[in-house]
Amino acid sequence: MSANGSIDEKKAVDVHIAVAEKEVDTAAQLAAGLEDLTPEESDRIRRKIDWHILPLMCVLYWIQFMDKTTLGSSAILGIRTATHLTTNQYNWLGTIFYLSYLVFEYPQNLALQRFPVGKWMSINIFVWGIALCSHAACKNFGGLFTVRLILGACEGSITAGFLIVSSMFYTRKEQTLRVGYWFLMNGTAQIISGFLSFGTLHIKTEKFEPWQWLMVITGLLTLICAVCYWFLFPDSPTTAWFLTPAERAMAVKRIQENQTGVENKHFKMDQFYEALTDPKTWLFALFSALDNVPNSLTNQRSIIVSGFGFTNLQTTLLGCVDGVIEIVTIFTGVRLAARIPNSRAYVGAVYFLPNILGVLLINFLPWENKVGLLFAQWLTGVGTTGFVLSLSWLSSTTAGHTKRVTTNAIMLIAYCIGNAAAPFMWQAKYSPRNHVPWTIIGICYLICPNLLLLIRFILHRENKRRDAEGPDEKWEDVYIEVVLPDGTKAERKVDKEFMDLTDRQNRDFRYVL
């Protein structure tokens, strides 16, 4: 063993290498000696996993996006007047959420590696549910600032946790679809939030305003979700309550083709440094930052649409269309990427074209053409598909649990930077046309598809280099001690896929494109 705890790559192939349990993936014992699954067995296990975790993931992603956008929905429900917010203070409420998300993102990822994923997420969901309900008690900027900060800190665990869970339970091809399925719930959240906002506008109570009702209703839904997650959401396929012991072993064997393992609770410093020195880590991070500058529209969209001349009631209902567009575009995008081999970058790049057209129309259509401007804004929602594909792509091109946790954290920190900086583009002096922020958004939409294509070029070139090297035989004779049913101990060979190797260490690893 080397000093940093990883397996010494200089060992000869024919040397019998014994490793400690903490150095290999948690699934190594389950997978050791298990024969390959038939396609029928694999499909049966996948369907069982889908039925038990995919609905929970979809519901929570709907809840978290709805909660995150309650500020934007409340903008036309009276929150700015009731709490005496200036334009700059309102922008700060959008920014502090993502600054808090940013600060806590890596600690959240470390906690997700150290503690049971499902339990850690449920605790965070419960705390942010309380914080959301507390919005209704806030009377000024200071109170709202505090609860938004707590909201950002807690929600930082969700996307990171989902990426980890998706890589634990699904093959790389399946991950693209599943990440798309739970991410398109953002669109569902916009639809439901639009109807909730419409409904709360009709609630007439003397000392409780519509925006306060919205916060309390969404907060209660979040608290219910937290309880469900504590009891129902699995921490890992090795402990999933809905799988029998034999099925757990099959679930682990099923994802062997990913060559990424399930998880390893031991933090490995060498993998951390590798993540920091891997160029693709920073290319994905740059893409994430730039792609989320336009996400500032989340809190501005209702204000912009209202500025087109629509009433508050019309604005709340028109927000539902944004949700429909997001659902349709993400669904079609991930289906295309899953159906066409090695097409993630191409599909993501193509889906940015309507965004670019939308920005041009918003900048150059006559201001009197309210319907045209509205449709142009709807076009700018199509490119969300690119970010969804990038999430699953990064997860499936990174191996080694510590490395995967680190790269996920870096990408989501970059996501926060883009979201945190962008609200300040929207200054009162730029309204009503907002040419400056829309131009910045357009530049981001031009750079992002080119970044996806650059990442693809780099990964494709690396695959060709590895093809020319021949098979990697450095890790063919590694063993771990296992306890047999009768209590005796024996050594079992560990498959390379469950040795918690990084994508750089395992030269047989091939990057999906």
Worksheet, complete the sentence: With the first residue restricted to the stretch 43-55 and required to be within 13 Å of Ala240 (Cα to Cα), and the second required to be part of a helix (DSSP H, G or I) and at pLDDT 90 or above, Cβ contacts under 8 Å at 6 or more apart or on different chains are His52/Leu232
Worksheet item: Would you pick out the residues in the stretch 351-381 that are of a type in the set (Gly, Ala, Ser) and open to solvent by 10 Å² or more (accessible area, probe 1.4 Å)?
Response: Gly372, Gly381
Worksheet item: Can you spot a residue in the stretch 276-284 that is modelled with pLDDT under 85 and crowded, with 24+ Cβ neighbours inside 10 Å?
Response: no
Response to the item:
Over the stretch 137-184, the set of residues open to solvent by 10 Å² or more (accessible area, probe 1.4 Å), part of a helix (DSSP H, G or I), aliphatic (A, V, I, L, M) and in contact (Cβ under 8 Å) with a residue 24 or more places away in the chain is Leu149, Ile150, Ala153, Leu177
Worksheet entry | Failed item in (1) modelled with pLDDT of 75 or more; (2) surrounded by fewer than 16 Cβ atoms within 10 Å (Cβ to Cβ); (3) farther than 30 Å from Gln89 by Cα; (4) not small (Gly, Ala, Ser), with Glu481 passing the rest | (1)
Worksheet item: Which members of the stretch 119-143 meet the condition of being under 15 Å from Ile158 (Cβ atoms) and either modelled with pLDDT under 90 or in contact with a Ser or Thr (Cβ under 7 Å, 6 or more places away or on another chain) (or both)?
Response: Trp120, Met121, Asn124, Ile125, Trp128, Gly129, Leu132
Worksheet entry | Some residue of the stretch 290-299 being of a type in the set (Gly, Ala, Ser), open to solvent by 30 Å² or more (accessible area, probe 1.4 Å), modelled with pLDDT under 75 and assigned to a helix (DSSP H, G or I) | no
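For Glu462, are the conditions met, namely being in a helix (DSSP H, G or I) and at pLDDT below 75?
no
Yes or no, residue by residue, for (1) touching a residue at least 24 places away in the same chain (Cβ under 8 Å); (2) buried (at least 24 other Cβ atoms within 10 Å of the Cβ); (3) under 30 Å from Leu317 (Cβ atoms); (4) among the hydrophobic types (A, V, I, L, M, F, W, C):
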{"position": "Ala349", "(1), (2), (3), (4)": "yes, no, no, yes"}
{"position": "Gly383", "(1), (2), (3), (4)": "yes, yes, yes, no"}
{"position": "Thr406", "(1), (2), (3), (4)": "yes, yes, no, no"}
{"position": "Ser431", "(1), (2), (3), (4)": "yes, no, yes, no"}
Worksheet entry | Trp120 vs. criteria at negative phi, out of contact with any Phe, Trp or Tyr (no Cβ under 8 Å at 6 or more places or on another chain) and not aliphatic (A, V, I, L, M) | yes
Worksheet item: Got at least one residue in the stretch 225-238 being closer than 30 Å to Ala136 by Cβ, at pLDDT 90 or above, in a loop (DSSP other than H, G, I, E, B) and out of contact with any strand residue (DSSP E or B) (no Cβ under 8 Å at 6 or more places or on another chain)?
Response: yes
Discussion item. Quick check on my filter: what residues within the stretch 70-103 are small (Gly, Ala, Ser), open to solvent by 10 Å² or more (accessible area, probe 1.4 Å), touching a helix residue (DSSP H, G or I) at 6+ places or on another chain (Cβ under 6 Å) and assigned to a helix (DSSP H, G or I)?
Written reply: Ser73
Discussion item. Against the definition (modelled with pLDDT under 90 and closer than 30 Å to Val334 by Cα), how does Met215 come out, yes or no?
Written reply: no
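Among the residues of the stretch 437-460, which ones are open to solvent by 60 Å² or more (accessible area, probe 1.4 Å) and closer than 17 Å to Phe364 by Cα?
Thr439, Ile440, Ile443
The values are calculated or read from the model by the stated rules, or taken from the named source; none is laboratory data. As the structure is a prediction and not an experimental result, all values here were calculated from the model. All Cβ positions, even for glycine, are placed from backbone atoms using ideal geometry, and neighbour counts span all protein chains on display. When the accessible area is computed, the model is the full protein with side chains, heavy atoms only, and any ligands, DNA or RNA have been set aside. Shrake-Rupley method; radii C 1.70, N 1.55, O 1.52, S 1.80 Å.
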